[in-house]
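These notes are about the structure you will find just below.
The values are calculated or read from the model by the stated rules, or taken from the named source; none is laboratory data. This is a predicted model, so every value here is computed, not measured. So basically every Cβ, Gly included, is an ideal-geometry build from the backbone, and we count neighbours across all protein chains shown. Calculation scope for accessible area: heavy atoms of the full protein, side chains included, ligands and nucleic acids excluded. Shrake-Rupley method; radii C 1.70, N 1.55, O 1.52, S 1.80 Å.
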Amino acid sequence: MKIPLEKLTNHANSYAAANGLQVEVKRDKTDSKSVAYQCAPISLLPNAFPSSAFQDAKCLAPYFNLLVDRISKDGTFLHDTLGGEHGVVSKDDYTKKLLELYTDIYMKEDDNRPNFAKEADALGITRSDYMLNPIDGNIDNGYGLKQVELNTIAASFAGLAVNVAGLHKQLTERFDLELEEWLDTNRKAVMGQEYSAREDTEVGVPTNPALTNLPNAMNVAHENYISKYSPSIPTVVLFVVQEGETNTVDQRMLEFQLWNNHKVPVVRMSLTKAKSQLKMDEVTGALYISPDASGDGSVGSIPTKYEVSLVYFRAGYAPTDYPDGYDGIEWESRETIERSRATKCPNLGYHLAGTKKVQQELARHGVVENFFGKDEIGKIIDIENMREAFAGLYSLGEDVTDVDLAAVNEVITGKEDQYVLKPQREGGGYNYYGSNMAKKIGENISRNKDGTISLGEDLAEFILMQRLFPPKQSAVLLRAGLVEGNGPSESISELGCFGTIVRGSDGKIIHNEYSGFLLRTKFSNVDEGGVASGFATLSSPYLC
Ligand code: ADP
Ligand code: MG
Ligand code: MG
């Protein structure tokens, strides 16, 4: 780098402050009002990424959205995949609770009780995450996309990612000569030593439309609600958030754009608070917020009653978001919301469609194909390209096959570095790698007399996944605005691609599009991912 690191870091920190590229820090952990802001964890410079793979991710976004929508309506598939006496739900109480609620609300006919949930629209804000991996396992073939996971609840960082892309565009354009050599080395690490830019290829940091497209999709859902029900009192969008959340700037950017672009107000509330402030009208299914006397739960300072058009979940994806336990008030809030006629982002079906067990099942031969008619394949959906993005995924449950067992055998016979063990959790920090994984699996299997393997029941809540090996390139990571470690170090990245979809109650898809991107970068010796969990930083692709 032909520019002092300090100069670039100062520039990045100022840009971050000027553009709200910030996260909250609690100055005093005992006082929730004592809030300060600091630079979000970021990669100082963008990371080289093949333009063709980036285009592939964009094309796949609406297909995965459609797939999520189809899965969400297929209770039999969700039960076959997650349920059963020895299935995921037998070992994972959280997924069990989600499936129980889904079954109660969407699969049971009760003539004495109107079903508002079934009549509600659906909004999906999805983020399909990918790593680059050598094509056919050989780096001489270059790198292609493999899906790490598909997030269907609380897919975050749309707001911050737009501003990181802005920072990276500015730095690489303004200091182009100083950074040329650095960028070139990284480009070659990804594209091969022979790389030279092609005229017909989009290069540099692309524009990130996430902060326009996510609020736009929310507004499509909001407007459809209004035209369907013509509410007689003011309507709001409800953001369900965690108490003590620190990634608030990212969330509020969506809120502010929703207001600036569409004049739609937002109320923020945790599932705990929602218990006392949310009520569903038993006759109409309308979901109401009644702010308390202090004005909490109100848009302005005057407490008025509102009707909720759309509920956007940025909480509720982890057992810790339900501190009162499985029969507690947070689950009651979730149920009230789900049973109402408000549009949910996500509803329970969309949420369950994003579980890792479903991802593993979809990778099995012929399963994705089942969700589409012959007349749709090749027209509204490109299944071959979706399949191309699937990594090797293996069951450790009662539906285990010989192929799955062969993968298990590899893990326990020295190839543990080729796999990752994953439970049905979200938010980063839960996976097993390397020797920890081999130990965990080793403790839960038995060898039969004929040499075959039997799996212990405790493994049912996990899936086994082929480990991906993205190209390594140099990166400088900033945490709290300070350079991490000894400056430039080897890093790997994960691309997240946002999609938005709105489905009307008649099943019609009103809206379905690619909606922006996120790149996360971490040092290559770190196994886990996740920005909020402290492993990765926010970055952007530098297309080449
Ligand atoms: P979560 O829902 O908790 O984010 P992920 O499936 O994204 O779960 O796993 C967390 C992180 O673990 C990812 O961001 C990635 O860094 C790493 N990871 C997950 N699967 C793989 C894989 N197959 N190969 C390499 N790293 C992986
Ligand atoms: Mg996830
Ligand atoms: Mg993830």
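Residues whose amide H comes within less than 5 Å of that of Lys344, counting only those at least five positions distant or on another chain, are Leu123, Val311 (H built at 1.01 Å from N in the peptide plane). The relative contact order of the chain, computed from alpha carbon pairs under 8 Å that lie at least 6 residues apart in sequence, is 26 percent. Each of Ser232, Thr537, Ser340 was scored by the projection of its Cα onto the charge dipole of the chain, and the greatest displacement toward the positive side belongs to Ser232; charges sit on the C-beta of Lys, Arg, Asp and Glu.
Here the range 458-544 is treated as a Stokes sphere of Kirkwood radius computed over C-alpha pairs; at 10 °C and 1.306 mPa s its diffusion coefficient rounds to 101 µm²/s.
Summing Lys and Arg as +1 and Asp and Glu as -1 over all other residues whose Cβ lies under 15 Å from the Cβ of Leu21 gives a net charge of +2.
Taking all protein chains together, Thr343, Thr30, Thr401 sort by accessible area into Thr30, Thr401, Thr343, largest first [probe 1.4 Å]. Computed with every protein chain present, the accessible area of Met1 is close to 80 Å² [probe 1.4 Å]. When only alpha carbons of the range 385-544 are considered, Rg and Dmax amount to 19.3, 58 Å. Using just its DSSP H runs of length 4 or more, each adding -39500 (n - 2.57), the chain gives a mean residue ellipticity at 222 nm of -10500 deg cm²/dmol after division by all residues.
Using heavy atoms of the protein chains and a probe of 1.4 Å, the accessible area assigned to Asp506 is about 120 Å². The loop-placed trypsin sites (Lys or Arg not before Pro) in the range 256-319, going by DSSP, that have at most 11 neighbouring Cβ atoms within 10 Å of their Cβ come out as Lys263. Taking Lys and Arg as +1 and Asp and Glu as -1, the other residues whose beta-carbon sits under 15 Å from that of Val203 total -3.
Residues whose amide H comes within less than 5 Å of that of Ile445, counting only those at least five positions distant or on another chain, are Gly456 (H built at 1.01 Å from N in the peptide plane).
Straight Cα distances below 17 angstrom link Lys188 to the lysines Lys472, with same-chain residues fewer than 8 positions distant left out. For the range 208-218, the Karplus equation 6.51 cos²θ - 1.76 cosθ + 1.60, evaluated at θ = phi - 60°, returns couplings of 9, x, 4, 6, 8, 6, 5, x, 4, 5, 4 Hz by residue, with Gly and Pro reported as x. Per-residue Karplus couplings for the range 320-326, computed as 6.51 cos²θ - 1.76 cosθ + 1.60 with θ equal to phi - 60°, are listed in order as 5, 7, 10, x, 7, x, 5 Hz, Gly and Pro entered as x. Phi-derived couplings, Karplus 6.51 cos²θ - 1.76 cosθ + 1.60 at θ = phi - 60°, listed residue by residue for the range 362-371: 5, 6, 5, 3, x, 6, 4, 4, 5, 8 Hz, with x used for Gly and Pro.
First check a/c for the range 22-71, with a ≥ b ≥ c the square roots of the eigenvalues of its C-alpha gyration tensor; if it is under 1.5, answer rounded, and if not, answer prolate when a/b is larger than b/c or oblate otherwise. Oblate is the answer for the range 22-71, as a/c is 1.5 or above yet b/c matches or exceeds a/b. Mind listing which GluC sites (Glu not before Pro) in the range 79-166 are in a DSSP loop and have 13 or fewer other Cβ atoms within 10 Å? The qualifying sites are Glu85, Glu109.
Cα convex hull, the range 313-458: 164 Å³ per residue, rounded to a whole number. Taking all protein chains as shown and a probe of 1.4 angstrom, Ser290 keeps an accessible surface of around 50 Å². Ranking Ser493, Ser505, Tyr419 by how far each Cα lies toward the positive end of the dipole of the range 392-544 (charges on Cβ) leaves Ser493 at the top.
In a simple Cβ point-charge model (Lys, Arg +1; Asp, Glu -1; nothing else charged), the chain has a dipole of about 1100 debye relative to its Cα centre. The chain gives an Rg/Rh value of 0.96, both radii derived from C-alpha positions and Rh following Kirkwood.
Of the peptides 38-44, 439-445, the ranking by mean beta-carbon count within 10 Å, highest at the top, reads 38-44, 439-445. Kirkwood's formula applied to the C-alpha pairs of the range 1-123 gives a hydrodynamic radius of 20.4 angstrom. Under 5 Å from the amide H of Ser474 lie the amide H atoms of Ser491, each residue being 5 or more positions distant or on a separate chain, with H modelled from the backbone and absent for Pro and chain starts.
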